[in-house]
Structure formats: structure tokens, C-alpha cells
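FYI, it's all coordinate maths here, none of it is from the lab. All figures in this text were calculated on a predicted structure; none of them were measured in a lab. Quick reminder, even Gly has a Cβ in these numbers, built from the backbone with ideal geometry, and neighbours come from all protein chains shown.
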Amino acid sequence: MTRQGCTRRKRIYGDRNKMTRIVYLNGEYLPEDKAKVSIFDRGFVMGDAVYEVTAVVGRKLLDFAGHEARLTRSLGEIGIENPFAEGELLAIHRELLARNDIEDGGIYLQVSRGNPGDRDFVFPDPAVVKPTVVLYTQSKPGVLQSESALHGVRVISVPELRWHRRDIKTVQLLYPSMAKMMAKKAHVDDAWFVEDGFVTEGSSNNVYIVKDGVIITRPLSTDILHGITRAALLRYVAETQIAVEERPFTIAEAQAADESFLTSASSFVTPVVEVDGVAVGTGKPGPIAQRLREIYIEEALKAGI
Ligand code: PDD
């Protein structure tokens, strides 16, 4: 192949190292630099969009059905028509994995209310303005062997300042991003939101403590995102002897806990070893958190598609 031909091939089919991905935009597969969204898109102007992140491990999609179901719910809660026909979403995920040759990483999906052609607070007529649909891959080779999983993560607490419909997975991520920056400034890994004295969740994960062998985690409500990893993990835990108590907990309880951990599609189950400068338990990843990570990964891979 000529050099020019080779370059063209890379541009068209994607090159993982150079990150010239093939992405999906409104029914088309395009090189990432050719995928363009309007400046009037409500996702851009109003944060009027929902999203999902599905993990890919060994070319398998983890918890795909859960992410698809939550997407349907998020869209319904804010009144965006579901743009996908039966089976279409999975087909797009598979096509993107194949075209970008992804082994490990994830697929990001975003659906906005679309481009009404100008800025307006009122929702556009859904018969006229169709949602904007974007999906792209993120390659993370060896995603299971993370430093965070090995050593655990350190967190600080920050006030919960997000809106009150945290069960909807919207792209309004300014405050979670600010919380991450506060954590970075404090030389730790992440931030936990605290409201009325109780922890809601992490900046991009659900959180747990372990005390006397019991897993404690906040129950589902509009206060937190209904994590798909959380749901899967609790299903797997139900088959073990480990007890789960769904109730809110405080920072002081976390600091006095035997162990702590968090869950998300991008971090699976990850130990938390320090909260607001205080070591949790031994200050090292705890045995239950480590075991739960193994169980989650094993079962999710078994069920992966
Ligand atoms: N975040 N809580 C919040 C606020 C989140 O943003 C996430 C996921 C979770 C965990 O949900 P799940 O287990 O379904 O990933 C909980 C994703 C990974 C992100 O924003 O990148």
C-alpha cells in the first residue's frame, strides 16, 4: 500500500494509537474529525441531554441491558423520544467496537433533545426536532489492572450542590467536574457529596462502607444515580453470605468503618482507603472490597455480551 493509501486507511478505519476514531452520529459512522454537531444543539446550549457509559472488557460489553434500560428511563423522565429501534443500540455498540478494534475500555453514548435552530428555553416540537445521537469508543488497554484497584483511592467530602434529580443521568456535569478538581487540588483521587450530614454518592460513582462484615450503602431514590454496577453487584452479593444494609451513612461512619469501596462502569469495584485525611480500616484495600471486585468482574464477564 502507498503511504498515502495507508494514511487514508487509518483516517477511515481509525487508529487506536492516534485516536482517530470512527464515531457514530445520527445514523452515520464517521471519522471523529468529521462528526459535527450544531452550535444550537440543546445538549451544548442547555445541557439538555442524557448519557451512558458501558464498559468493554476483552471485547465484551458489561451490563449492556442495564445501561440500555436506564437510558430508556432517563429519556422518559425528561421527555426525549427514544431514538433507537429494538436491537439498534446493541448493533451500534458492536459496530463501533469492531470498527475501532477495541479490546478494553468503554463506549460513551449521548442523546440530546436536538437542534431547534436557535436558543429557546421552551422544548422544541419533537415531531419537528429529532434528538442528536452520539456514540464513541474509549480505548483503555488493560483496564482491569488499574493502580486504583491495587492501592485503593483517597477521597475528600464536598457539599452536595447538584440538582435534585440525580437519578437521571444528564450531561450536566459541571459540579461533579468541579468536585473532581477540588479533589485534585487536595492531592486525592475523588470527592464524595454530603447532604444533610449524609453521603449521597461519589463524583461519578456509588459508594459503600463495610462495618462488622455488613455492606452499607445509600438506598435508591432521586438523591443518587441508580448505578448499573451497583445493581449488578448487589445481585451477586445476594448469592453470598455477606449482608447488605441500604441506609445513608455519614463521613464519621466511613472514617470508622472497616473498609470502603465505590462502584461504576469505568472503575468496576474499587477500594476507598482514606476519607477526609483519615485512613479507613488498615488504610489498605480491604478483603471484602477485593473479593467483591473479583466477584463483580467474574460474573459481569460471564454475563457480558
Ligand atoms: N458515572 N453515580 C454517578 C454520579 C455517576 O456519574 C456514575 C457513573 C455512577 C455509577 O453508575 P454506573 O455503575 O451505572 O456506571 C454513580 C459514569 C461512569 C461516568 O460519568 O463516566
(request) State the percent of C-alpha pairs, over all pairs in the stretch 159-305, separated by a distance greater than 25 angstrom. (result) 24 percent
(request) Would you list, by chain and number, the lysines whose Cα falls below 18 Å from the Cα of LYS60, excluding same-chain residues fewer than 8 positions away? (result) LYS140, LYS302
(request) On a 0 to 90° scale, report how tilted helix 64-78 is relative to the longest principal axis of the chain, with both axes built from alpha carbons and the result rounded to the nearest 10. (result) 80 degrees
(message) Under a Cβ-only charge scheme (Lys and Arg +1, Asp and Glu -1), can you give me the dipole magnitude of the chain about the Cα centre, in debye to the nearest 20?
(response) 1340 debye
(request) Can you tell me how much longer the chain between ALA69 and SER177 gets when fully stretched, taken as 0.36 nm per residue apart minus their C-alpha distance, in nm with one decimal? (result) 36.3 nm
(request) For the stretch 87-93, just list the computed ³J(HN,Hα) in residue order, Karplus coefficients 6.51, -1.76 and 1.60, θ = phi - 60°, integers in Hz, with x standing in for Gly and Pro. (result) x, 5, 5, 5, 4, 5, 4
(message) Quick check: the distance between the Cα centres of the stretch 233-256 and the stretch 132-151, to the nearest angstrom?
(response) 25 Å
(message) Quick check on the chain: helices-only [θ] at 222 nm, where DSSP H runs of length 4 and up contribute -39,500 (n - 2.57) each and the sum goes over total residues. Nearest 500, please.
(response) -9000 deg cm²/dmol
(request) Determine, for TRP192, TRP163, the number of other Cβ atoms within 10 Å of each Cβ, and report the residues in order from fewest to most. (result) TRP163, TRP192
(request) May I ask you to sort THR20, THR200, THR222 by Cβ crowding, counting other Cβ atoms within 10 Å and putting the fewest first? (result) THR222, THR20, THR200
(message) I'd like to know which of LEU71, ILE156, LEU135 lies farthest towards the positive end of the charge dipole of the chain, counting +1 on Cβ of Lys and Arg and -1 on Cβ of Asp and Glu.
(response) LEU135
(message) How tilted is helix 174-185 with respect to the longest principal axis of the chain? Cα atoms for both, answer in degrees (0 to 90, nearest 10).
(response) 60 degrees
(message) Taking every DSSP beta bridge with both residues inside the chain, roughly what % is antiparallel (nearest 5)?
(response) 80 percent
(request) For ILE242 and HIS151, compute 0.36 nm times the residue count separating them, minus their Cα-Cα distance, and round to one decimal in nm. (result) 30.5 nm
(request) Quick one: grab the alpha carbon gyration tensor of the stretch 94-170, order the square roots of its eigenvalues as a ≥ b ≥ c, and give me rounded if a/c is under 1.5, else prolate or oblate depending on whether a/b is larger than b/c. (result) oblate
(message) Need one word for the chain: rounded, prolate or oblate. Basis is the Cα gyration tensor (sqrt eigenvalues a ≥ b ≥ c); a/c below 1.5 gives rounded, then a/b vs b/c decides.
(response) prolate
(message) Under a Cβ-only charge scheme (Lys and Arg +1, Asp and Glu -1), can you give me the dipole magnitude of the stretch 147-303 about the Cα centre, in debye to the nearest 20?
(response) 440 debye
(request) Would you mind giving the three semi-axes, in whole Å and largest first, of the ellipsoid equivalent to the stretch 221-265 according to its Cα gyration tensor? (result) 19, 16, 10
